[in-house]
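Novice: Before anything else, here's the structure in question.
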Number of protein chains: 2
Amino acid sequence: MATIKDVARRAGVAISTVSAVINRSAPVSDDVILRVQDAIREIGYVQHSAAKALRSGNSRLIGVIVPDITNPHFSTVARVAEKVCMEAGYMTFVYNTGEDADQEMRILQMMRMQRVAGLILISTRSDAAHGARLMSEINVPTVFLGSYVEEAPFDMITLDEDRASHLAVDYLLGLGHRDVAVISGRAGVSTNEERLNACRRAFAEHGLELRDDRIIPANFSQQQAYDGALALLAAKDRPTAIFALSNMMTIGVMRALLSLKLSCPGDVSLIGIDDFEWPEIMNPPISVVAQPIVAMTECAIRTLLDQITSKKDPVGHRTMFPPELIIRASCAPVGR
Amino acid sequence: MATIKDVARRAGVAISTVSAVINRSAPVSDDVILRVQDAIREIGYVQHSAAKALRSGNSRLIGVIVPDITNPHFSTVARVAEKVCMEAGYMTFVYNTGEDADQEMRILQMMRMQRVAGLILISTRSDAAHGARLMSEINVPTVFLGSYVEEAPFDMITLDEDRASHLAVDYLLGLGHRDVAVISGRAGVSTNEERLNACRRAFAEHGLELRDDRIIPANFSQQQAYDGALALLAAKDRPTAIFALSNMMTIGVMRALLSLKLSCPGDVSLIGIDDFEWPEIMNPPISVVAQPIVAMTECAIRTLLDQITSKKDPVGHRTMFPPELIIRASCAPVGR
DNA sequence: TTGCAGGCACGAAACGTTTCGAATAGAACA
DNA sequence: TGTTCTATTCGAAACGTTTCGTGCCTGCAA
């Protein structure tokens, strides 16, 4: 492939002059600019990012690490990240951890090889041990999105998880439900811990208690939520309402309801966190606590780019976005 | 960051020896291997991909270009591509065209800058003019997935589109439907043209005709399918069945049906191409012609890697995968 | 006419690797 | 002991850029 040297020869100028034209990094006469541009067009020259990155020490690459791109929530993150980064002249590297901490580390290692300029990280664990591993592997500006990790003092963009759970629980209790089960995500992930603790608080504020046996662990997995809900709902003391702490788990519960031929909201009310794109085609349309994921992602990227250009250390600052309760048809007053 | 030079100094060997150890590219004594490995660990050395790519002329990067990662069909492609490539020691660059040919070209340009070793391309147009532009921009092994482009003689992995449409049309006609509307994708995309032409043929084989005014263009867009279906279904001569040529358009039709309070399959039968992940939570579960997208993607990547390593020119060979008719609850005999 | 500043263009070094021909050391053989 | 071979190890060039110190011209002021 043609190199900058070929362009220089063709345009009859020095290599450094071509570089100056391409990057507008030094004044060049109009005449020369034109000659260089013509030469570039004629021989079809395209910059070699690797060479540029090597010499300039700037890859202009952003790593985006998500649990699973197949989840619409995360594919939206990927899409928005790509767009915002591209506008700023960066390329994104989107990778899936599959909720596996070792895979997360492997990906971080790859990101390091690529010398990414920054990282958007939706981590699979939040404990201090994981944080320590993270800190030893990450040496670029990083922003957590949706969750955060102990001992890893990066900036974080999250939902107001406390309010999210309160919105759902208050709504359910307000409908008269007293026996509510919570389908919980992966233990040890901040997102889940915060949502769960907020549930407990919300119950307590109503003078009620969220019993441990009404917390069904499902690891954010659709299948595990299905299995857990199946057992829960088949028992004769089934709850009157279920609150699922993430979109995939909400779907799992819905499937369990359907396979047991239980009516929703007739027999059991259901509410989840994270909105669905076409709720009306579901049976029934599910009420949810939605998070403004597009705005959150934009904010995360902006924060990251800011940190990259300003070169100032992150302060571990947390920005919270407000959740929104969207009432549809999956919850009814108890005993109806 | 530490470089290979630091490792060499620390281990007391030459740079080239360190390289030999890292890449197992030349025989090195066990003693030295150990010393080098220790040194690498101690100073936390990580290879610099850009430098490696520059010198070796091999980026070990694969570009994956999809219309919209937000569509579950394509996020599956991305996920599978990432996995298979990673196993082969390649990294993937996933990018969205947003169904825009100019954006597609811009992305190709970026891919070229990155000197990707190969490309998986789901193109937004199939015409010869687009093919010509493509050929002028692409200079690496490329495999088309799902669609192909005229005048761009790369290998292609697709569904057996003819059979896919036949499966759906034969099923509908077999149920007695005579007035069937087809929601069509973007004109000029091979996938859509083939599906549409196969529809016409299938009708003809039954001695029927698919009238042009029963072909509703919707550009593969959910919203356009919704709008089109709304107009179609609000008219007093509405069809008794609808065949939507892609997953998003099927959803659009479903929404139209619901918003008009039309019963499916009572009033109108509906079938689509592409399966849904949790059909049972839809109302009703929609019958579809499914494509084996995971296997297709794996095949595409394998074909590509093969071409990259064998360095032989593509022959424009087409591999077709069989569709599968999955009957659920959205189609009923006519007049019921 | 001379001196000087400023605007442009140039050349060479450096970024971190891989690669390949050459050098070295020890072993085996005569 | 000298020679040849083998098994390692080394050194330097090259990949395609950017960057920065130099130097050449031109024009303007004195």
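Every number in this text was worked out from the coordinates using simple rules, so none of it is lab data. Worth saying up front: this structure is predicted, and the values here are computed from it rather than measured. Cβ coordinates were reconstructed from backbone atoms using ideal geometry, including for glycine residues, and neighbour counts include every protein chain displayed.
Novice: Within the stretch B:314-336, whose backbone N sits under 17 Å from a point 7 Å along Cα→Cβ of residue B:205?
Specialist: B:321-326
Novice: Restrict the search to the stretch A:102-202; then list the trypsin sites (Lys or Arg not before Pro) that DSSP places in a loop and that have at most 14 other Cβ atoms within 10 Å of their Cβ. Don't skip to the end; give the middle numbers.
Specialist: Working: sites: A:106, A:112, A:115, A:125, A:133, A:163, A:178, A:186, A:195, A:200, A:201; in loops: A:115, A:125, A:178, A:186.
Here the trypsin sites (Lys or Arg not before Pro) that fit, given the DSSP loop and packing criteria, are A:178.
Novice: Could you pull out the pairs from B:5/B:311; A:83/B:311; A:5/A:83; A:311/B:83; A:5/B:83; A:5/B:52 whose alpha carbons sit more than 30 Å apart here? All intermediate terms of the calculation are to be shown ahead of the outcome.
Specialist: On the way: B:5/B:311 33 Å; A:83/B:311 34 Å; A:5/A:83 33 Å; A:311/B:83 34 Å; A:5/B:83 38 Å; A:5/B:52 20 Å.
Where the Cα-Cα span goes over 30 Å, the pairs concerned are B:5/B:311; A:83/B:311; A:5/A:83; A:311/B:83; A:5/B:83.
Novice: Suppose we keep just the DSSP beta bridges with both residues in chain B; what percent of those would be antiparallel, to 5?
Specialist: Details: 3 of 37 bridges.
For chain B, the DSSP antiparallel bridge percentage is about 10.
Novice: On alpha carbon coordinates alone, what is the Rg over Rh value for the stretch B:161-291, Rh being the Kirkwood radius?
Specialist: Details: Rg = 13.1 Å, Rh = 14.2 Å.
My calculation puts Rg/Rh at 0.92.
Novice: May I ask you to derive the relative contact order of chain B, considering only C-alpha pairs under 8 Å and at least 6 residues apart, and to give it as an integer percent? Don't jump to the answer; show the numbers that get you there.
Specialist: On the way: 625 pairs, mean separation 53.3, N = 336.
Relative CO of chain B lands at 16 percent.
Novice: How far is helix B:247-259 tilted, in degrees, relative to the longest principal axis of the Cα atoms in chain B, given as a value from 0 to 90 rounded to the nearest 10?
Specialist: 40 degrees
Novice: Take the alpha carbon atoms of the stretch A:140-193, find their radius of gyration, then divide it by 2.2 N^0.38 Å using N residues; give the quotient.
Specialist: Values: Rg = 14.7 Å, N = 54, 2.2 N^0.38 = 10.0 Å.
Dividing the Cα radius of gyration by 2.2 N^0.38 Å gives 1.47.
Novice: Using alpha carbon centroids, what distance separates the stretch A:10-46 and the stretch B:65-125, in Å?
Specialist: 31 Å
Novice: Got a sec to turn the phi values of the stretch A:295-310 into Karplus ³J(HN,Hα) couplings, 6.51 cos²θ - 1.76 cosθ + 1.60 with θ = phi - 60°, whole Hz, x for Gly and Pro?
Specialist: With the stated coefficients, the stretch A:295-310 comes to 4, 5, 5, 4, 4, 4, 5, 4, 4, 5, 4, 4, 5, 5, 7, 7 Hz.
Novice: Going by a ≥ b ≥ c, the root eigenvalues of the Cα gyration tensor, does chain B fall in the rounded group (a/c under 1.5), the prolate group (a/b larger than b/c) or the oblate group?
Specialist: Working: a/c = 3.09, a/b = 2.56, b/c = 1.21.
The shape class here is prolate.
Novice: Inverting the mean 1/r over all pairs of different Cα atoms, compute the Kirkwood radius of the stretch A:4-47 and quote it in Å.
Specialist: Values: mean 1/r = 0.1013 Å⁻¹.
One decimal place: 9.9 Å for the Kirkwood radius.
Novice: Would you mind checking the tilt of helix B:128-137 against the longest principal axis of the Cα atoms of chain B, expressed as 0 to 90 degrees and rounded to 10?
Specialist: 10 degrees
Novice: Hey, what do the phi angles of the stretch B:55-64 turn into as Karplus ³J(HN,Hα) couplings, whole Hz, using 6.51/-1.76/1.60 and θ = phi - 60°, x for Gly and Pro?
Specialist: 3J(HN,Hα) across the stretch B:55-64, in whole Hz: 6, 7, x, 9, 7, 6, 10, 10, x, 10.
Novice: Right, next: When chain A is modelled as a GNM with alpha-carbon springs shorter than 10 Å, which of A:160, A:31, A:267 fluctuates the most?
Specialist: A:31
Novice: Under a GNM of chain B (C-alpha, springs under 10 Å), which listed residue has the highest mean-square fluctuation: B:323, B:284, B:141?
Specialist: Highest fluctuation among the options: B:284.
Novice: Quick one: which residues, 5+ away or cross-chain, put their amide H under 5 Å from the amide H of residue B:94? H built at 1.01 Å from N.
Specialist: The answer is A:94, B:64.
Novice: Specify the angular offset, from 0 to 90 degrees and rounded to the nearest 10, of the alpha carbon long axis of helix A:72-87 from the longest principal axis of the alpha carbons in chain A.
Specialist: Taking Cα atoms only, the helix is inclined about 20 degrees.
Novice: For the stretch A:1-146, take N as its residue count and report Rg(C-alpha) divided by 2.2 N^0.38 Å. Working shown, then result.
Specialist: Details: Rg = 19.8 Å, N = 146, 2.2 N^0.38 = 14.6 Å.
Working it through for the stretch A:1-146, the quotient is 1.36.
Novice: Would you mind checking which residues have amide H under 5 Å from residue B:275's amide H? H placed 1.01 Å from N; only 5 or more apart, or other chain.
Specialist: Amide H neighbours of residue B:275: B:291.
Novice: Less than 18 Å apart at the alpha-carbon level, and either on another chain or at least 8 residues along: which aspartates and glutamates does that give for residue A:312?
Specialist: A:155
Novice: Once the Cβ-Cβ distance between residue A:319 and residue A:170 is put in as r, and R0 is 25 Å, what FRET efficiency do you end up with, to the nearest 0.05? Intermediate values should be presented prior to the final figure.
Specialist: On the way: r = 24 Å, r/R0 = 0.96.
Rounded to the nearest 0.05, the efficiency is 0.55.
Novice: In whole Hz and in residue order, list the ³J(HN,Hα) couplings for the stretch B:227-241 that follow from phi through the Karplus curve 6.51 cos²θ - 1.76 cosθ + 1.60, θ = phi - 60°; x for Gly and Pro.
Specialist: The phi angles translate into 4, x, 5, 4, 4, 4, 7, 7, 5, 7, 9, 5, x, 8, 8 Hz.
Novice: Explain nothing, just the number: dipole magnitude of the stretch A:161-290 about its Cα centre with +1 on each Lys and Arg Cβ and -1 on each Asp and Glu Cβ, in debye rounded to the nearest 20.
Specialist: Numbers: 12 positive and 17 negative charges, 71 e Å.
It works out to roughly 340 debye.
Novice: Moving to a separate point now. Expressed as a whole percent, how much of the Cα-Cα distance distribution for the protein assembly as shown exceeds 38 Å? Please report the intermediate quantities before stating the final value.
Specialist: Numbers: 98685 of 225456 pairs.
For the protein assembly as shown, the fraction of Cα-Cα distances above 38 Å is 44 percent.
Novice: Then there is this: Out of all DSSP beta bridges with both ends in the protein assembly as shown, state the antiparallel percent to the nearest 5.
Specialist: Numbers: 7 of 75 bridges.
Restricted to the protein assembly as shown, the bridges split so that about 10 percent are antiparallel.
Novice: Right, next: If you put a point 7 Å past Cα along the Cβ direction, how far is that point for residue A:57 from the same point in each other copy, in nm, smallest first?
Specialist: Ordered by distance, the counterparts are at 3.0 nm.
Novice: Short version: what are the Cα gyration tensor semi-axes of the stretch A:72-134, square root of 5 times each eigenvalue, largest first, in whole Å?
Specialist: Values: eigenvalues 96, 42, 19 Å².
For the stretch A:72-134, the ellipsoid semi-axes come out as 22, 15, 10 Å.
Novice: Roughly speaking, what is the stretch gain from residue B:3 to residue B:223, that is 0.36 nm per residue apart minus the C-alpha to C-alpha distance, in nm to one decimal? Before the final figure, lay out the partial values.
Specialist: Working: separation 220, 0.36 × 220 = 79.20 nm, distance 5.25 nm.
Gain in length upon complete extension: 73.9 nm.
Novice: Can you check what the net charge comes to around residue B:310, using other residues whose Cβ is under 13 Å from the Cβ of residue B:310 (Lys, Arg +1; Asp, Glu -1)?
Specialist: Values: positive: B:302, B:311, B:312; negative: B:155, B:306, B:313.
For residues surrounding residue B:310, the net value is 0.
Novice: Give the lysines whose C-alpha is closer than 19 Å to that of residue A:261, dropping any in the same chain fewer than 8 places away, or say none.
Specialist: List returned: A:236.
Novice: For a quick check: with amide H placed at 1.01 Å from N, whose amide H comes under 5 Å from residue A:321's, ignoring anything fewer than 5 positions away on the same chain?
Specialist: Those lying under 5 Å, H to H, from residue A:321 are A:158, A:159, A:160.
Novice: Now a separate question. Relative to the present Cα-Cα distance, how much length would full extension add between residue B:34 and residue B:237 at 0.36 nm per residue of separation?
Specialist: Numbers: separation 203, 0.36 × 203 = 73.08 nm, distance 8.01 nm.
This chain segment gains 65.1 nm when fully extended.
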